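Everything below concerns the one structure shown next.
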Amino acid sequence: MLPSRDIHCSEDARQMARRRLPWMVFDYIDGAAGEGHGEALNRAALRDLRLKPRVLCNVTRRDLSMPVFDHPAKVPFGITPMGMCNLSTPGADLMLARIAARDRVPLGVSTVASTALEKMLEAAEGHAWFQLYFSGDGGGTMQLVERARAAGYETLVVTLDVPEVGRRPRELRHGFKMPFRIGPRQFVDFALHPRWSLTSLVKGRPQMANFADGGFDRTASRAAADWSYLQRLRAAWPGKLVIKGVLDVDDALRLRKEGVDAIQVSSHGGRQLDGAPPPILMLAAMRDALGPEYPLFYDSGLRSGEDIVKAYAMGASFAFLGRPLLYAMAGRGERGLNQLWQVIGEEISLTLAQLGKTDMTALEECLAR
């Protein structure tokens, strides 16, 4: 029996991506740090959260809109920054930008995006946040900050959980490098996945578009970043400043004190520290410490609409999706992306109905404790 071409859930999209992508590319997207225990533990923690269904509530009309920095997004989830999205399929960056523009949600534009940051902001019709990595002594980093400011970005997302790139064995086994280095193993891998290989060849292999000479080393040390760097960055950036990759309550409290506008609770999708605590549990701990008003965003491990509802119930102010969107584009291009996006929205709406809710507020009372 042939597999369905429709996407009914994130796992459908993942299986399509697994069939269609070269092993090297799929394992880069799908892989995690170490043996993957941290990623699996967070997924288990999400699964183990229970929600209380309610009855005899009129839930005929349900509203999925959610403000983020006082901006009315049409759905309660955005797109987390992801590097080299065009590895999934040519033009993936712009597919994400178009859906962000349509639903007025934040699109995280990675430092190592496959499309220039200026073009991404234009395609997203302003609904884009620029994600920044510290690099070297910080000089090049501040140049990117000024470039983002000149382009018209209003929100800067600084990823701080990569002082050193975590060891991801699935990448290492395939010799994954950017730009690609084609040896015998990679040649065979690409030859066995001709649809991806030929399409990518015609469109041109993905590059790190924000660097004219490709001069960014994704594996370089970023260990020199410290609190003084954050203070310089805060002074230099007039817009909203989000710090991504926080899993410690004390760090969160100090970040708020230093004038950070929001924190994105994240384990980098389990790609950095295999022994990290489940981010979904740390989200609740930070909400308790920071109070109900401070903006806490969340990514890591979200695979369904129910997961997104659970994130809000644990204290999220807004949620962000990552890998599932890459799977969908790898499987069916823009059609797959739109299909999965619709599925997740429908899952959220159906979950709210089961919980007796008509919008995304006050969801903490839905947890079965």
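The values are calculated or read from the model by the stated rules, or taken from the named source; none is laboratory data. What you are looking at is a predicted structure, and each value in this text was computed from that prediction instead of being measured. Neighbour counts are summed over all protein chains in view; Cβ atoms, including those assigned to glycine, are modelled from backbone coordinates with ideal geometry. We work out accessible area using only protein heavy atoms, side chains counted, and drop any ligands, DNA or RNA first. Shrake-Rupley method; radii C 1.70, N 1.55, O 1.52, S 1.80 Å.
Count charges around Asp93 for me, please; just the other residues with Cβ under 13 Å from its Cβ, Lys/Arg as +1, Asp/Glu as -1.
Local charge sum for Asp93: 0.
What does the C-alpha gyration tensor say about the overall shape of the range 273-323? Classify as rounded when a/c is under 1.5, otherwise prolate if a/b is larger than b/c, or oblate.
oblate
Give me a comma-separated list of calculated 3J(HN,Hα) values for the range 245-253, in order, Karplus coefficients 6.51, -1.76, 1.60 applied at θ = phi - 60°, integers in Hz, x for any Gly or Pro.
With coefficients 6.51, -1.76 and 1.60, one gets x, 9, 9, 10, 5, 4, 4, 4, 5 Hz.
Given the rule -39500 (n - 2.57) for each run of at least 4 DSSP H residues, summed and divided by the residues of the chain, what is its mean residue ellipticity at 222 nm, to the nearest 500 deg cm²/dmol?
-13000 deg cm²/dmol
Take the Cα radius of gyration of the range 256-369 and divide it by 2.2 N^0.38 Å, with N its residue count; two decimals is plenty.
1.13
Calculate what fraction, in whole %, of the accessible area of the chain sits on carbon and sulfur atoms when a 1.4 Å probe is rolled over the protein chains.
53
In whole Hz, what ³J(HN,Hα) sequence does the range 146-155 give by Karplus (6.51, -1.76, 1.60; θ = phi - 60°), x for Gly and Pro?
5, 5, 5, 5, 5, 6, x, 5, 10, 10
Show which lysines lie in cross-link reach of Lys357 when reach means a straight Cα distance below 27 angstrom and same-chain residues fewer than eight apart are skipped.
Qualifying lysines at Cα under 27 Å: Lys52, Lys74, Lys310.
Provide the gained length on full extension for the span Lys257 to Arg335, in nm with one decimal, where the gain is 0.36 nm per separating residue minus the Cα-Cα distance.
Separation in residues times 0.36 nm, less the Cα-Cα distance, equals 23.7 nm.
With every protein chain present, what is the per residue accessible area of the chain (1.4 Å probe, Å²)?
Value for the chain: 45 Å² per residue.
At R0 = 41 Å, how high is the FRET efficiency between Arg147 and Val249 if r is their beta carbon distance? Nearest 0.05 is fine.
The value I calculate is 0.75.
When we measure straight from the Cα of Lys257, which aspartates and glutamates land under 17 angstrom away, once same-chain ones fewer than 8 places off are left out?
Within reach: Asp226, Asp248, Asp288, Glu293.
Counting only residues 5 or more places away or on other chains, whose amide H sits under 5 Å from the amide H of Ala32 once H atoms are built in the peptide plane?
Those lying under 5 Å, H to H, from Ala32 are Arg170.
In angstroms, what radius of gyration and Dmax does the range 244-283 have, counting Cα atoms only?
Looking at the range 244-283, its Cα Rg and Dmax stand at 10.3, 30 Å.
For the range 337-342, take each phi angle, set θ = phi - 60°, evaluate the Karplus expression 6.51 cos²θ - 1.76 cosθ + 1.60, and give the result in whole Hz per residue in order, putting x for glycine and proline.
Coupling constants for the range 337-342: 4, 5, 5, 5, 4, 5 Hz.
Taking amide H atoms as placed 1.01 Å from N in the peptide plane, list the residues 5 or more away in sequence, or in a different chain, whose amide H sits under 5 Å from that of Ala73.
Residues meeting the amide H criterion: Met66, Val68.
Scanning the chain for GluC sites (Glu not before Pro) in DSSP loops with at most 15 other Cβ atoms within 10 Å, what's the longest stretch left with none?
Between exposed loop sites, the widest span is 165-257.
Return the percentage of antiparallel bridges among DSSP beta bridges fully within the chain, rounded to the nearest 5 %.
Just about 15 percent of them are antiparallel.
Given H placed 1.01 Å from N in the peptide plane, which residues other than close sequence neighbours of Gln264 have an amide H under 5 Å from its amide H?
So Gln264 has HN proximity to Ile243, Lys244, Gly245, Val246, Phe297.
Label the range 7-125 by shape, choosing from rounded, prolate and oblate, from the square roots a ≥ b ≥ c of the eigenvalues of the Cα gyration tensor; if a/c is under 1.5 it is rounded, and otherwise prolate applies when a/b is larger than b/c, oblate when it is not.
oblate
For Glu125 and Leu198, what is the calculated FRET efficiency with R₀ set at 35 Å and r taken between the beta-carbons, to the nearest 0.05?
After rounding, the FRET efficiency stands at 0.60.
Quick one: net charge of Val109's neighbours, Cβ under 12 Å, K/R +1, D/E -1?
Taking every Cβ under 12 Å from that of Val109, the sum is -1.
Provide the FRET efficiency to the nearest 0.05 for the Ala224-His37 pair, computing r from the beta carbons and using R0 = 35 Å.
0.75
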